[in-house]
Amino acid sequence: MREEQATLEGRTAAPQGWRRAPGKLMRLIRRFGPLLGLLVTSAILSVMSPYFLTFDNLINVFRQSSVNALLALGQLLVIITAGIDLSVGSILGLSCVLVAMMLKAGVPWFLSVLAGIAIGAAMGAANGLLLTKLRLPHPFIPTLGMMNVARGLAFVISGGFPISELPDGFRFWGAGTIAYIPVPVILVVAVYAVFHIFLTRTTLGRDVYAIGGNKQAAMFSGIPVDRRLTMVYALSGGLAALGAIVLAGRLNSGFPLAGDGAELDAIAAVIIGGASFFGGVGTVWGTLIGALIMGVLRNGLTLLNVSPNWQKVVIGVVIVAAVWIDVLRQRTRTRRRLVRK
């Protein structure tokens, strides 16, 4: 009897061990998958192009990825709450034009920078207020409206023409270097470190995750959901404006088409970085890796002389694949919950 019981226990224990293995594997993939994707993409491109792994090219990739990284960070906050912000590209364009106009009017560059960030945050806050106060069914609606409003204002204010020849003190934030490291890269790392602490070490950050995990439960637990959502969209707008400052400084110009379509790259970076459209999931450093993957991919395709039109096709496929992977992850989580019950 004891031998039979031991045999039965062994048969029962083995499947449980095997069941745990896929769960551990999925957790590892979820945690290190974006980094693995970045390394694999870089390795492939380094084989296909001898210029990819050069110091100058990698610095160029980091510099070019900085704007998308800032946009993606704001988008991450929104997506964690199970929302989406389609207006970040247009807010970037409007902030770019307004900051350039203030600089040309003689406003000191630091005041212009602060005003530009404040304008972006105000437009983001307007998205949040429209969503919460009007009780709109989905953030797609107010942010789509703001996308058109901000882009239209950028053209109206600028007359459709770029504003060039900006002061050197301002250009430093987009084109300057410190010890061979581009200033935008240093700025991105600093901002990401601050928001990592914000999301993981503060009550406000935990509230953001709670809202994305279960909005109703967060409301019943006393979290001021409307205020937190307004804050999240304001931060997204402010980070888009910060991206506008980096872009205008790098290109020495404020132009109304700046950031056209940038919201798609930002969303792709967030999802590739491991966040979920269903809310409650996402990390700051995963998003940074997602932005780098987008930058590496664009840079590699350019080095391989792939036409801009085909680059759009590839990026579109990457976005769809990233969303599909997110759906698969959500299905896996749902199955696990059902098994536990």
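All of the numbers you see were taken from the coordinates with simple rules; none came from a lab. Worth saying up front: this structure is predicted, and the values here are computed from it rather than measured. Neighbour counts are summed over all protein chains in view; Cβ atoms, including those assigned to glycine, are modelled from backbone coordinates with ideal geometry.
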Whole-Å semi-axes of segment 182-341's equivalent ellipsoid (Cα gyration tensor): 31, 23, 13
5 angstrom amide H check on Ile163, placed H, neighbours 5+ away: Gly254, Phe255
Angle between the chain longest axis and helix 203-213 axis [Cα atoms, degrees, rounded to 10]: 60
Theoretical gain in end-to-end length, Ala115 to Val149 [0.36 nm per residue, Cα-Cα removed]: 10.3 nm
Hydrodynamic radius by Kirkwood, which averages 1/r over all alpha carbon pairs of the chain, in angstrom: 21.3
Acute angle (nearest 10 degrees) that the helix 225-251 long axis makes with the longest principal axis of the chain, alpha-carbon atoms: 50
Angle in degrees between helix 262-272 and the longest Cα principal axis of the chain, rounded to the nearest 10: 20
Computed [θ] at 222 nm, deg cm²/dmol, the chain (DSSP H ≥ 4; -39,500 (n - 2.57); rounded to nearest 500): -27500 deg cm²/dmol
Gained length - Leu35 relative to Leu264, 0.36 nm times residue gap less alpha-carbon distance: 80.4 nm
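Counting other Cβ atoms within 10 Å of each Cβ, which chymotrypsin sites (Phe, Trp or Tyr not before Pro) in segment 86-189 have at most 12 and sit in a DSSP loop?
Tyr180
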Cβ-derived FRET efficiency at R0 41 Å, Val339 paired with Leu134, nearest 0.05: 0.50
Efficiency of FRET from Cβ geometry, Leu257 and His196, R₀ 30 Å, rounded to 0.05: 0.40
Cα gyration tensor of segment 163-271 - equivalent ellipsoid semi-axes, whole Å, descending: 33, 16, 12
Under Karplus coefficients 6.51, -1.76 and 1.60, residue-wise ³J(HN,Hα) of segment 45-62 in Hz, glycine/proline x: 5, 5, 6, 7, 9, x, 8, 5, 8, 6, 4, 4, 5, 5, 4, 5, 4, 4
Estimated inter-spin distance, Leu328 and Val107, nm [label 7 Å along Cα→Cβ]: 4.8
